[in-house]
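The values are calculated or read from the model by the stated rules, or taken from the named source; none is laboratory data. As the structure is a computational prediction, the values presented were derived from the model and not from experiment. Backbone-built Cβ (ideal geometry, glycine too); neighbour counts: all protein chains shown.
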Amino acid sequence: MAQHVELAWALLCALAVSALLLILLLLRRRSRRHALEREAVPSQQRERGSAPVVRDSAALYGAVRDAEAKGNTDELPGLYLSLAHCRIEAGSTSDAEELLRKSIRGAGGPQHKEVHAQARLALGDLAHESGDLTTACEHWQIARGLFFELKRGREHEAVEMRMRRNGCPTDWVLTDF
């Protein structure tokens, strides 16, 4: 009888230790997800054709005018994106949306996928802030796909978590957008 009690006690202790380890692993995984959500999604790495992040809107307007005048279409998507971020910071979301759309239109080539993804992400955020969750989900879906193509795992995972947090479907494929 004493052996049965000792065996039961040992099994109970092993079960308690296993449960504790499981809880610790789940908490660690949860804190990792929260850390990823807090990270800035746009990569700090520059790719060919992207503009450096400049927060001086006057300088950006000048750079955009120069690039447009010279027909330098390779620089424009990144410049439009940076200028859109300045307009967002200034509270002018309608100007920012137009600049983000210009950035997307100019970022059609493979050398501009990073800029395209960042512009889609920003447009999705603006749509979400205005209460249009369907449009936000569509833009985030495209950004997520671009980050996947770029093999940017952290950014891809952060966008996917954003989509899940907001109730966006994460298993659909856009064919007519």
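I need the full set of residues from the range 139-155 which are more than 25 Å from Leu79 (Cβ to Cβ) and either touching a Cys at 6+ places or on another chain (Cβ under 9 Å) or crowded, with 18+ Cβ neighbours inside 10 Å (or both), in order please. Reasoning before the result, please.
So the first thing to find is which residues in the range 139-155 are more than 25 Å from Leu79 (Cβ to Cβ), and the list is 141, 148, 151, 153-154.
Residue satisfying the conditions is Gln141 alone.
Taking the range 134-159, which residues are charged (D, E, K, R) and assigned to a helix (DSSP H, G or I)?
Initial filter on the range 134-159 (charged (D, E, K, R)): 138, 144, 149, 151-152, 154-155, 157.
Listed by number, the residues that qualify are Glu138, Arg144, Glu149, Arg154, Glu155, Glu157.
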- Query: Which pairs do you get when a residue that is without any contact (Cβ under 8 Å) to a residue 12 or more places away in the chain, found in the range 148-163, comes within reach of a residue that is in a helix (DSSP H, G or I) and crowded, with 16+ Cβ neighbours inside 10 Å, reach meaning Cβ atoms under 6 angstrom, with the pair 6+ apart or on two chains?
  - Reply: Phe148/His156
- Message: I'm checking my understanding of the structure. Among residues of the range 83-102 that are out of contact with any Ser or Thr (no Cβ under 9 Å at 6 or more places or on another chain) and hydroxyl-bearing (Ser, Thr, Tyr), which one is surrounded by the most Cβ atoms within 10 Å (Cβ to Cβ)?
- Response: Ser92
- Residue by residue through the range 86-138, note down the ones that are among the β-branched types (Val, Ile, Thr) and without any contact (Cβ under 8 Å) to a residue 60 or more places away in the chain. Ile88, Thr93, Ile104, Thr134, Thr135
- Message: Restricting to the range 133-157, give me the number of residues that are in contact with an Asp or Glu (Cβ under 6 Å, 6 or more places away or on another chain) and farther than 11 Å from Arg120 by Cβ.
- Response: 0
- Message: Let me confirm something: among Ser57, Ser130, Ser94, Ser82, which residue is under 21 Å from Arg164 (Cβ atoms) and polar (S, T, N, Q)?
- Response: Ser130
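Can you name the residue in the range 54-100 that is outside any helix (DSSP H, G or I) and small (Gly, Ala, Ser) and, of all such residues, is farthest from the chain's Cα centre (by Cα)? It would help to see each step written out before you state the result.
Applying the first criterion (outside any helix (DSSP H, G or I)) to the range 54-100 yields 54-56, 71-75, 90-92.
Still in the list and also small (Gly, Ala, Ser): 71, 90-92.
Details: Gly71: 30, Ala90: 21, Gly91: 21, Ser92: 21 Å.
The residue in question is Gly71.
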- Output the number of residues of the range 22-71 satisfying the condition of being surrounded by 13 or more Cβ atoms within 10 Å (Cβ to Cβ) and modelled with pLDDT of 65 or more. 8
- Query: Gln111 versus (1) within 17 Å of Ser130 (Cβ to Cβ); (2) in contact with a Gly (Cβ under 9 Å, 6 or more places away or on another chain): which is the lone unmet condition?
  - Reply: (1)
- Message: When you scan the range 75-82, do you find a residue that is out of contact with any helix residue (DSSP H, G or I) (no Cβ under 9 Å at 6 or more places or on another chain) and surrounded by fewer than 20 Cβ atoms within 10 Å (Cβ to Cβ), even just one?
- Response: no
